[in-house]
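**Q** Below is a structure I'd like to ask you about.
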Amino acid sequence: MGLIGRRGFVAGAALVALATTGAGTAGAVRKKPRAFRGMWLATVANRDWPSRTGLTAEQQRTELLAHLDTAVERRLNTVVLQVRPTADALWPSPYEPWAQCLTGVQGRDPGWDPLGTAVEEAHERGMELHAWFNPYRVANHTDPARLSAEHPARLHPEWVLPYGRKLYYNPGLPEVRAFVQDAMLDAVHRYDIDAVHWDDYFYPYPVAGEAFADDAAYERYGGDFPDRASWRRHNTDLLVSETAARIKEIKKHVAFGVSPFGVWRNVATDPEGSETRAGVQTYDDLYADTRKWIREGWIDYVVPQLYWHIGFAAADYAKLLPWWDAVVRDTGVGLYIGEALYKCGDPAQPAPWQDPRELSRHLELAQRYPTVGGHCYFSGKEVAADRIGAMAAVVADHYPTRVRPPR
């Protein structure tokens with residue numbers, strides 16, 4: 001799939017490289033290594049791009065291309081672009097309005113096609129473009145009147161629940177699950193994207209003192225389940241398995257990847273969990289059985305967000321890495337590690353994150369585990385700014401040349 005013949009890598013026979021490895025081996029042919037070297041480019045609340053709302057189309061395009069060029073300079077090969085931040089779209093979708101992050105007004109045409117441009121320009125630079133969608137988040141506020149008049153959440157208020165000062169589609173409704181799949185997969189139909197990518201948001205992160213008010217849906221659809229948690233996990237399983245099947249029906253070569261919170265379950269909760277004491281467990285709190293999705297082969301790759309330093313007591317990077325290695329082993333699912341570049345040099349973070357070589361040590365450790373096929377950095381703004389040189393250290397220590405992404 002993907003990049004053969006595109007600028008940035010030589011086509012055809014250059015999938016192999018001539019290597020001289022010592023006496024008697026001159027002229028031996030060795031495959032050029034592949035690795036996932038990605039960066040997330042977040043658009044929600046203008047986190048990374050566009051830098052602010054209301055830029056002209058040309059200004060937005062210029063900023064986008066600068067991020068892509070920075071990725072090339074850092075010898076990365078994959079950009080994970082957030083194209084559906086709050087149930088709105090960075091392409092002319094027939095399902096949802098134009099994204100507010102572009103113009104400042106949800107539903108207003110920005111005058112160009114950001115996703116189409118991103119795909120074309122990433123490929124031109126020899127990179128993959130993974131389209132990052134958030135399935136259920138509707139808004140970072142609870143006022144439906146602030147949504148565009150044609151927003152599906154306003155046309156179908158029965159689909160929506162407020163929780164934690166945000167609005168969400170209700171994952172327990174079959175019509176919601178069908179709609180969000182249609183909305184996301186429209187991009188697969190329209191564009192030569194290399195992958196569909198989801199982050200860690202399924203059911204919302206728990207908020208103390210609040211209940212996610214899906215009682216009516218549970219009463220209607222949850223009768224066959226022993227408890228509400230099992231029913232919710234089933235709903236998330238359906239979203240994942242149905243989407244996986246539909247992607248392959250549309251375009252077999254398009255990958256499906258998920259980037260979950262880094263802890264499935266703590267060992268104190270489940271003997272098969274990780275040696276962690278995390279305050280959130282994906283299985284129990286987000287109703288997302290990420291380990292099951294790997295074992296069932298529903299996803300092509302997983303990017304656990306291991307956003308902790310080596311030696312962190314509650315969630316040690318060095319203990320989570322072998323846990324994920326064991327989960328993916330012999331499954332055929334790619335394992336790429338999500339790295340917290342955004343913490344590097346943040347004065348609010350503990351001492352390890354003030355060391356420019358913390359992330360480089362993460363990559364050194366990961367080399368011990370053959371299942372680890374690469375890393376992804378959060379996120380684009382920090383890849384560019386690199387405030388203490390942590391990204392530069394990674395490049396100097398581990399990325400001597402550009403390589404192609406995994407198949």
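The values are calculated or read from the model by the stated rules, or taken from the named source; none is laboratory data. Just so it is clear, the model here is predicted, and its values are computed rather than measured. FYI the Cβ positions are ideal-geometry reconstructions off the backbone, even for glycines, and counts take in every protein chain you see. The protein model used for the area step is the full one, side chains on, heavy atoms only, and it has no ligands, DNA or RNA in it. Shrake-Rupley method; radii C 1.70, N 1.55, O 1.52, S 1.80 Å.
**Q** Name the residue, out of ARG75, ARG84, ARG190, whose mean-square fluctuation peaks in a Gaussian network model built on the chain with Cα pairs under 10 Å.
**A** Answer for the Gaussian network model of the chain: ARG190.
**Q** At 1.4 Å probe size, with every protein chain present, just tell me what the per residue accessible area of the chain comes to in Å².
**A** Numbers: 16590 Å² over 407 residues.
That works out to 41 Å² for each residue.
**Q** Once the piece of chain linking ALA351 and LEU65 is laid out straight, how much longer is it, given 0.36 nm per residue of separation minus the C-alpha distance between them?
**A** Extending this stretch completely gives an extra 99.6 nm.
**Q** Using Cα pairs closer than 8 Å and at least 6 residues apart in sequence, work out the relative contact order for segment 145-197, in percent.
**A** For segment 145-197, the relative contact order is 16 percent.
**Q** Can you list the GluC sites (Glu not before Pro) in segment 232-337 that are in a DSSP coil and have 15 or fewer other beta carbons within 10 angstrom?
**A** Values: sites: GLU242, GLU249, GLU272, GLU275, GLU296; in loops: GLU272, GLU275.
Hits after loop and neighbour filter: GLU272, GLU275.
**Q** Pairs of alpha-carbon atoms within less than 8 angstrom and 6+ residues apart define the contacts here; what relative contact order does the chain have, in percent?
**A** Relative contact order, the chain: 17 percent.
**Q** What number, in percent, do you get for the relative contact order of segment 99-235 if the mean sequence gap of Cα pairs under 8 Å and at least 6 apart is divided by its residue count?
**A** 26 percent
**Q** Follow-up question, since we're still on this one. Looking at the square roots a ≥ b ≥ c of the eigenvalues of the Cα gyration tensor of segment 252-407, which shape do they give, rounded for a/c under 1.5, prolate if a/b is larger than b/c, or oblate? Can you show the working numbers first?
**A** On the way: a/c = 1.86, a/b = 1.23, b/c = 1.52.
Note, shape of segment 252-407 comes out oblate.
**Q** Moving to a separate point now. Considering all projection directions equally, how large on average is the shadow of the alpha-carbon convex hull of segment 83-157, in square nanometres?
**A** 5.2 nm²
**Q** At what distance in nm do the modelled label points of ASP270 and ASP215 sit from each other, each positioned 7 Å from its Cα along Cα→Cβ?
**A** Here the answer is 2.9 nm between the modelled labels.
**Q** Can you flag which of LYS248/LYS343; LYS252/LYS292; LYS252/LYS343; LYS251/LYS319; LYS166/LYS252 are past 31 Å Cα-Cα?
**A** LYS248/LYS343; LYS252/LYS343; LYS251/LYS319; LYS166/LYS252
**Q** Once you order the gyration tensor axes a ≥ b ≥ c over the Cα atoms, which shape class does segment 132-239 get: rounded for a/c under 1.5, otherwise prolate or oblate by comparing a/b with b/c?
**A** Values: a/c = 1.68, a/b = 1.23, b/c = 1.36.
Oblate, because a/c is 1.5 or more while a/b does not exceed b/c.
**Q** When a/c is below 1.5 the answer is rounded, else prolate if a/b is larger than b/c, else oblate, so apply that to segment 37-172 with a ≥ b ≥ c taken from the square roots of the Cα gyration tensor eigenvalues.
**A** prolate
**Q** For the chain, give the percent of accessible area contributed by carbon and sulfur heavy atoms, probe 1.4 Å, rounded to a whole number.
**A** Looking at the chain in its full context, I get 51 percent from C and S.
**Q** Between GLN367 and ARG75, 0.36 nm times their residue separation minus their Cα-Cα distance comes to what?
**A** Result for the pair: 103.3 nm of gain on full extension.
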